Amino acid sequence: MIPRAEPFFLDAGPGQRFCLFQAPAGACRGALVYVHPFGDEMNKARRMAALTARALAARGIGVLQVDLYGCGDSSGDFADARWEIWLADLEAARAWLAARLGVAPGLWGLRLGGLLALDFAQRCPHPVPDIVLWQPVQQGSAYLKQFLRLLSVNEMLAQPENEQSKAASNTGALRAALLGGQALEVAGYELAPELGAAIDALDGAKLAPRAARVHWFEMATAPDRPLPPATTRLAAAWREGGCDLRLQQIVGQQFWATQEISESAELAEATCAALEAAAPIEETA
């Protein structure tokens, strides 16, 4: 029987972080800290994260979901969120999960959460046995431009028709303003320049995991659709650097971006199967 998920607040300065712990059913075979994506993608992905956490628990893998500072039900406003605070949140979550289950936790990141998980793993002095990546953001600068495009499009729609093309091309100016120190409100989220600059500087090529097995899943709209060239290049670079990378493509919707809440049973099952096939996770020292 799968235990019910336990909600609680974890002390992690400043304030507290809302957490949801899904204990493993039976003997513990491993543990993961779930690193959620950014903005609305976090809300759209909550159901999928919960379903997969429960499926992992049924296979003996405990999962701790944590709302990062300024996100969800945790302390702070999004405007005060900083990349360094989020990294500290992951360390607090990792330490709690390691103490609770007695194993070295891995990381499971979706979209920008994947890039955050990779950054954390590089800095973490403790072993990170497995990293699960769901469609990870590969370049922070490209992701930031995409996010700012939401504001640019909203401005365009508010303009007279003959001025819309001018507003639509304004993404570069918005990025320059943000990196120049101006906070911007995008889709209801006030983005601080410090957080924007931290995201802009991230490069997946420089965050190759060294000591962990990496299970990377990409969503595709059709089974014969090739992987994006950027994904192929980054995967090859990581492997050349010695990374134990298992890359799979799953056919299904990008559930974090659909209009209605959606899910992918195939992705959840593939994730569980990948971790079940991995070697047992070592106990913490």
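The values are calculated or read from the model by the stated rules, or taken from the named source; none is laboratory data. None of these values were measured; they are calculated from a predicted model. Reconstructed Cβ throughout: ideal geometry from the backbone, glycine too, with neighbour counts over all protein chains shown. Heads up: the accessible areas ignore ligands, DNA and RNA and are worked out on the full protein's heavy atoms, side chains in. Shrake-Rupley method; radii C 1.70, N 1.55, O 1.52, S 1.80 Å.
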inquiry  = What pairs come out if I take residues in segment 174-193 that are within 18 Å of residue 69 (Cα to Cα) and pair them with residues that are surrounded by 12 or more Cβ atoms within 10 Å (Cβ to Cβ) and of a type outside the set (A, V, I, L, M, F, W, C) whose C-beta lies under 6 Å away, six or more apart or interchain?
reply    = 183/190; 189/39
ask   = Got at least one residue in segment 35-45 being on the phi > 0 side of the Ramachandran plot and in contact (Cβ under 8 Å) with a residue 12 or more places away in the chain?
value = yes
task = Taking only segment 191-204 into account, find how many residues are closer than 28 Å to residue 253 by Cα and either at pLDDT below 95 or touching a Ser or Thr at 6+ places or on another chain (Cβ under 9 Å) (or both).
result = 4
task = Can you work out which of the residues in segment 254-269 that are of a type outside the set (S, T, N, Q) and crowded, with 17+ Cβ neighbours inside 10 Å is nearest to residue 40 (Cα to Cα)?
result = 256
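Condition check ((1) under 12 Å from the mean Cα position of the chain (by Cα); (2) farther than 17 Å from residue 129 by Cα; (3) assigned to a loop (DSSP other than H, G, I, E, B); (4) modelled with pLDDT under 95) across all residues:
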site: 32; (1), (2), (3), (4): no, no, no, no
site: 50; (1), (2), (3), (4): no, yes, no, no
site: 68; (1), (2), (3), (4): yes, yes, yes, no
site: 76; (1), (2), (3), (4): no, yes, yes, no
site: 79; (1), (2), (3), (4): no, yes, no, no
site: 98; (1), (2), (3), (4): no, no, no, no
site: 113; (1), (2), (3), (4): yes, yes, no, no
site: 116; (1), (2), (3), (4): yes, no, no, no
task = For segment 39-55, state whether one or more residues are β-branched (Val, Ile, Thr) and under 24 Å from residue 201 (Cβ atoms).
result = no
query = Out of (1) under 27 Å from residue 174 (Cβ atoms); (2) in contact (Cβ under 8 Å) with a residue 12 or more places away in the chain; (3) assigned to a loop (DSSP other than H, G, I, E, B), what's the single condition that is false for residue 234?
reply = (3)
task = Go through segment 85-103 and count every residue that is of a type in the set (A, V, I, L, M, F, W, C), buried (at least 21 other Cβ atoms within 10 Å of the Cβ) and closer than 18 Å to residue 53 by Cβ.
result = 6
inquiry  = Pull out all pairs, ordered by first then second residue, where Cβ-Cβ is under 7 Å, the residues are six or more apart or on different chains, the first lies in segment 106-130 and is open to solvent by 10 Å² or more (accessible area, probe 1.4 Å), and the second is among the polar types (S, T, N, Q).
reply    = 111/135
query = Any idea which of (1) aromatic (Phe, Trp, Tyr); (2) over 20 Å from residue 243 (Cα atoms); (3) at pLDDT 95 or above is the one residue 147 doesn't satisfy?
reply = (3)
ask   = Is one or more of the residues making up segment 248-264 modelled with pLDDT of 95 or more, within 30 Å of residue 27 (Cα to Cα), touching a Ser or Thr at 6+ places or on another chain (Cβ under 8 Å) and outside any helix (DSSP H, G or I)?
value = yes
task = Please tell me if residue 51 is out of contact with any Ser or Thr (no Cβ under 6 Å at 6 or more places or on another chain), among the aliphatic types (A, V, I, L, M) and open to solvent by 60 Å² or more (accessible area, probe 1.4 Å).
result = yes
ask   = Considering segment 19-40 alone, what residues qualify as being touching a Cys at 6+ places or on another chain (Cβ under 9 Å) and open to solvent by 40 Å² or more (accessible area, probe 1.4 Å)?
value = none
ask   = If residue 58 satisfies every condition in (1) hydrophobic (A, V, I, L, M, F, W, C); (2) open to solvent by 30 Å² or more (accessible area, probe 1.4 Å); (3) under 17 Å from the mean Cα position of the chain (by Cα) but one, which is the exception?
value = (3)
